[in-house]
Amino acid sequence: MSSVSYHVSNLLEKMTSTDKDFRFMATNDLMLELQKDSIKLDEDSERKVVTMLLKLLEDKNGEVQNLAVKCLAPLVRKVKEPQLETMVDTLCSNMVSDKEQLRDISSMGVKTLIAELPLSSAGLSLTVSVCKRITSQLIGAMGKQEDVSVQLEALDILSEMLGSGALVSFHSSLLHSLLPQLTSPRMAVRKRSILALGHLVPCCSSALFSQLTEHLLTELAKAPPTSLTRTYIQCLATISRQGAHRVGEHLEKLIPVVVKFTGVEDDELREYCFQAFEAFIRRCPKEMSPHVATVTKLCLKFMTFDPNYNYDDEQDEEDDMDVEDSRPESDDEYSDDDDMSWKVRRSSVKCLEALIESRRDLLLSFYASLCPALLARFKEREENVRADVFAGLLHAAETNQGGVGSPRPRRPRGAVPLIVKALHRQLKQKSVRSRQGCFCLLTELTHSVPGGLETHIPALIPGIVFSLTDKSTSSTMRIDALSFFHVLLLSHPPQAFQPHLQVLLPPVVACVDDTFYKITSEALLVTQQLVRVMRPHGQNAAAGFDPRPFVREVFSATLKRLKATDIDQEVKERAITCMGHMVCHLGDHMGAELQGVLAIFLERLKNEITRLTAVRTFTLVAASPIKADLSSVLPEALSVLGSFLRKNQRALKLGSLACLTALVTHHAAGIKPAALEPVLSELPALVDEDDMHVSQVSVALLTVMAAVCPSSLAKISSSVLPGVFRLVHSPLLQGGALAAILDFIKALVGSKTSSMGYSQLLRSLTEPFHSSPSSDGVVVHRQSYRSVARCVAALTSACPKETPATVSGLIQEVSVRNPGSPESARVLALLSLGEVGRSGSLGGSREVQAVILEAFTSSSEEVKTAASCALGGLAVGSLSDYLPFLLKEICTQPRRQYLLLHSLKEVISACPACGLSPHMESIWSLLVQSCECPEEGTRNLVAECLGKLTSLEPAQLLPRLKQQLKAGSPLARSTVVTAIKFTIVEQPAPIDSLLKDCIGESTLQDKDVNVRRVALVMFNSAAHNKPCLIRGLLGSVLPHLYQETRVRKDLIREVEMGPFKHTVDDGLDVRKAAFECMYTLLDGCLEGLDVLQFLDHVEEGLKDHYDIRMLTFLMLARLVSLCPAAVLQRLDRLVEPLKATCTTKVKAGSVKQEFEKQDELRRSAMRAVAALLAVPDVERSPSMAEFANQIRTNADMASIYQSVQGGEAGESMDMS
């Protein structure tokens, strides 16, 4: 320590030297020493260093002064509070000095000191103390009216400190010091005061905010001079932006005042008024609802406010003007440096943009009122304003698209011609910003109205061509034009462009030859689509259009790029793809040059950088209906593709398999068996459950081979089949992979090339089910029973002659006369009988029926379930034979009712309405009778059957289902509501248009609590699968939904359990269903919710039962990401329950489960807190700042916070 003191003393001595270089070097050395973490100063050294550095701030040499200021930063972290106070006092007193240079350097010193104050919990008290000391002196400095520079510096420093939230106790005195500065004669002082007030507003109390607002209103009521009025309105706009929701409660007083001042003939004042309106709309959209019409009317009025320019004359002349001399000359002629009216127009347009963004619910009315007005402003002479007009329309188009699950407000197609007509003229203007705005808007329009521009394409083409050919056009402009053209080509039929190809091709081909790679790349994409236009495939094929005149031009430009090797990777790939499309669509017009192109493709296939693109291109060419001659490259291509199957790159492996499938399917005649060997040797390893998709594509390739080149497959069947059988027995097999294997088995048996015959294949499939699990340790998964049963059915369908013997064997397996048969074999045999019978090949076999009825008496639940599925499958295949028997059994065998209903469900799910129509009445009456079954599981099954049956004949059966809601017991009503739930499916269905009347509020008003619960479950299902069904019903349903979130005391009862009393809440399940429904509504119906009202119920849920709190924490985190502004309005009320959950501790004697539940609750609450802390400026709320500080200081809470944040703990909160 003494050595440090000695070294510091030497440096301090050198700082007193008369030589400025000595002073500079000594100060620099001291700074380097102070920056070391190891150095610690004793009290005497601290005092000496502080005194010397403060003295050096008055040094005659500027470089020494600057270095002394830099030394303050590391010194702040080394000295104790008394020395910090000395630094603060000296710096603040220097700030009001008469010497300008000392004032400036001291101001820098104060800012440096503030920036280095610790924000961690350990140093927070010191920071608050120092900030208070600075503030008390700065408030005095602000009173020095005679020196503006002192005021400006003081205001700057105060703004910085207010952002830290350390000055809560000074807020009132700060406000009283800042308000007089708004009347300062110097504009700079007023502006800085407004900024400081903006920093004060988010962290001050509500009372202080009200005081500030009242002061501004009072001053404005006195009709002050225009310059002061501007300041007050500007201040209103600033505090509205910063204060967010707080301004909402004062809007009723503020709006009339601001509206009044828009009538004052002052352009800047009007600009500030519209900025205030924009802040109100963005921060308080709900509270602004009554004033939207007024503000919209003012915006529409002032967006055309241009007193110094006559647009009518321009409009008359515009049609006769040449493209080259329209707007720029008029700009020069009419520009006026003193004309500020453009600011009024721009601010009113921005206000409209805010309306469009924040009020999606009014979008359709905006299309009618705002869009025509905005379109009319394309004639705006000021480019900045015109850019904002485009931005407003662009937001309307983007909002129209919506997001996933959100509604798409249907843009009236009548608006499209108006937009295109307005843009048509703009597309030929010299202004690059205007044209870019046009292309952005047209792109959004193309996305939101698919195919809607078809009739307007002739009007758009001149503008596109102009942007591509104009010599003064920038690269960015060309890229934007090409990008839009690509979107247009993708979303409209080829026939719309064919008449214009002669005009369109030359500029696009010129862009392909451009030196800038991004233009070339975009042009190749467009060319690719234009090739499709020349000769479309499939349903869009045009008989009368001749593409031959255009082939040479496109081919030459693309070939030049295809041959080049010294070009950008993106251009290489797009050139390959573009040429691939040419071969695919126009290969028969390419003549001898086709073989040269194929040779280049083969080269690119061998190149590691371009091989994936080349593989996809070969796939395209191979599948083309033109059937290009690939014989020259086929053997080598097959060899290269076979080698790709060994690579680890999954995309390359899948692409190669797809390419091989296309080649074998369409070009089998040109493939010699020897050429396939490199491929065949790689396929067995790919059929594996580790990657089901690769397995599926590999099996699809094997299926094609079995059909077109069976001799090749015969060579590898012995090595491939074990892998296929492993897949069949895998629990992961389902969907597409299972369908591929079924096709393969049929093709394999049909080709008769396998070393295995029918009986051997059957044995290999069923073998694992005949061995007992204990013998070889193999456990057969439940899913594999169904997979193998479907494979057995596929085998029998491919070999009808073998079916009788196979069925006899299966019957023998199931029969009770065969006691040695293991349970797994009996289950498989029953499922196989069901799958075989599903095809109708068993007819009305009495023997099969008898053996299934025997299985219903088995002691094994698995066997009984399999028998149920088998009976359902048989009935599907032969309705007239089995369905009457099934219905009779359901009526006469109540003990088997559940299993038999499963069979009936199978029939209803698999059969079309026309097949079931003769039996519809008998099924319906049986199900309605079963609605009141006391067992809930059976009732749910009855409901599912009713729902699926109703979906088959909705017009006839849905009204009858609704009738059951009015008659019947609570059990019957709950079954019917559940049945309605089963009619709601994700895909569009005929029943959708009839369902809206069934999902209304009537079921939510039922007297029975269980009926209300299942009604909420049904509503939740609708919100999840078909949000469009319920969006129009939210207004009537939400009050009843919110009603169910409340705790009802009449549903809470006490149950005595021996000496203990236990509380049972019968309303808990209903509340859980209601909150689950609320959570689902956030995804698909957010725009139909009043978020603040929604948050009121979330707030109540945060104090409810464990399960509901877990749900509401999730909801809160979701709401923070969807609508942070609304959450911030309720922040102070939401923080308390979060804090209560995070700080609650379980009683010492509680069981382990209680500790686990509380721990999970705290973690879930902390996730919601983490989401809140990610919102910018959230810690400006005093309650949130206090809670965040509590988390930092409490080791237990800090560790939970860090664990839920994972690796991002440091980003949202400094945990130091």
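The values are calculated or read from the model by the stated rules, or taken from the named source; none is laboratory data. Predicted model, so just to flag it, every value in this text is computed and none were measured. We place every Cβ from the backbone using ideal geometry, glycine too, and count neighbours over all the protein chains shown. We work out accessible area using only protein heavy atoms, side chains counted, and drop any ligands, DNA or RNA first. Shrake-Rupley method; radii C 1.70, N 1.55, O 1.52, S 1.80 Å.
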Working from Cα positions, state the angle (0 to 90°, nearest 10) between the long axis of helix 100-116 and the longest principal axis of the chain. 30 degrees
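Using 0.36 nm per residue, how much length does the chain from residue 665 to residue 340 gain when fully extended, once their Cα-Cα distance is taken away? Working shown, then result.
Working: separation 325, 0.36 × 325 = 117.00 nm, distance 7.13 nm.
My answer for the length gained is 109.9 nm.
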Need the list of aspartates and glutamates near residue 948 for cross-linking: C-alpha distance under 16 angstrom, and skip anything on the same chain fewer than eight residues off. 906, 921, 986, 992
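Can you show me the helix-derived [θ] at 222 nm for the chain, built from DSSP H runs with n ≥ 4 at -39,500 (n - 2.57) apiece and divided by the number of residues, rounded to the nearest 500. Intermediate values should be presented prior to the final figure.
On the way: 64 runs with 852 residues, N = 1216.
Here the helix-only value at 222 nm equals -22500 deg cm²/dmol.
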Nearest-0.05 FRET efficiency for residue 595 and residue 483, computed from C-beta distance (R0 41 Å): 0.75
Once you've got the Cα coordinates, tell me which of 70/132; 40/70; 471/560; 888/1026; 60/191; 36/132 are over 25 Å apart. 888/1026; 60/191; 36/132
Kindly report the accessible area of the chain per residue (heavy atoms of protein chains, probe 1.4 Å, no ligands, DNA or RNA), in Å². 43 Å²
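What full-extension length gain, to one decimal in nm, is calculated for residue 812 and residue 310 as 0.36 nm per residue of separation minus the Cα-Cα distance?
On the way: separation 502, 0.36 × 502 = 180.72 nm, distance 9.77 nm.
Taking residue 812 through residue 310 to full extension adds about 170.9 nm, to one decimal.
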Just check region 157-267 against the gyration tensor rule for me: Cα atoms, a ≥ b ≥ c as the square roots of the eigenvalues, rounded for a/c under 1.5, and otherwise prolate or oblate depending on whether a/b exceeds b/c. oblate
Carbon and sulfur %, accessible surface of the chain computed with the full protein complex present, 1.4 Å: 52 percent
Once both labels are modelled 7 Å past Cα along the beta-carbon direction, what's the residue 718-residue 517 spacing in nm? 5.2 nm
Using DSSP to call loops (not H, G, I, E or B), can you name the GluC sites (Glu not before Pro) in region 593-697 whose Cβ has at most 11 other Cβ atoms within 10 angstrom? 608
Report, in whole Å, the centroid distance computed from the Cα atoms of region 259-297 and region 841-901. 73 Å
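Out of region 2-63, which trypsin sites (Lys or Arg not before Pro) are coil in DSSP terms and have no more than 12 other C-beta atoms within 10 Å? Before the final figure, lay out the partial values.
Values: sites: 14, 20, 23, 36, 40, 47, 48, 55, 60; in loops: 36, 40, 60.
Answer in residue order: 36, 40, 60.
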First check a/c for region 526-660, with a ≥ b ≥ c the square roots of the eigenvalues of its C-alpha gyration tensor; if it is under 1.5, answer rounded, and if not, answer prolate when a/b is larger than b/c or oblate otherwise. prolate
Please determine, in degrees from 0 to 90 and to the nearest 10, the orientation of helix 803-814 with respect to the longest principal axis defined by the Cα atoms of the chain, where the helix direction is its Cα long axis. 70 degrees
Where a ≥ b ≥ c are the square roots of the eigenvalues of the C-alpha gyration tensor, would you call the chain rounded, which needs a/c under 1.5, or, failing that, prolate if a/b is larger than b/c, or oblate? prolate
Taking the simple approach of a point 7 Å from Cα along Cα-to-Cβ for both residue 588 and residue 227, what is their distance in nm? 8.3 nm
Compute the label zone of residue 176 within region 193-219: residues whose backbone N is under 12 Å from the point 7 Å along Cα-to-Cβ. none
Starting from the 7 Å offset along Cα-to-Cβ, what nm value, one decimal, do you get for the label separation of residue 58 and residue 1148? 6.4 nm
Please compute the net charge surrounding residue 766, taking Lys and Arg as +1 and Asp and Glu as -1 over other residues with Cβ under 12 Å from its Cβ. 0
If packing is taken as the mean number of other Cβ atoms within 10 Å per residue, what is the order of 829-838, 955-964, highest first? 829-838, 955-964
Relative to the longest principal Cα axis of the chain, at what angle does helix 341-358 sit, 0 to 90 degrees, rounded to 10? 40 degrees
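Let's test the formula: R0 of 25 Å, r as the Cβ-Cβ distance of residue 37 and residue 66. What FRET efficiency results, to the nearest 0.05? Numbers along the way, then the final one.
Working: r = 24 Å, r/R0 = 0.97.
After rounding to 0.05, the efficiency reads 0.55.
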For residue 546 and residue 7, compute 0.36 nm times the residue count separating them, minus their Cα-Cα distance, and round to one decimal in nm. 184.8 nm
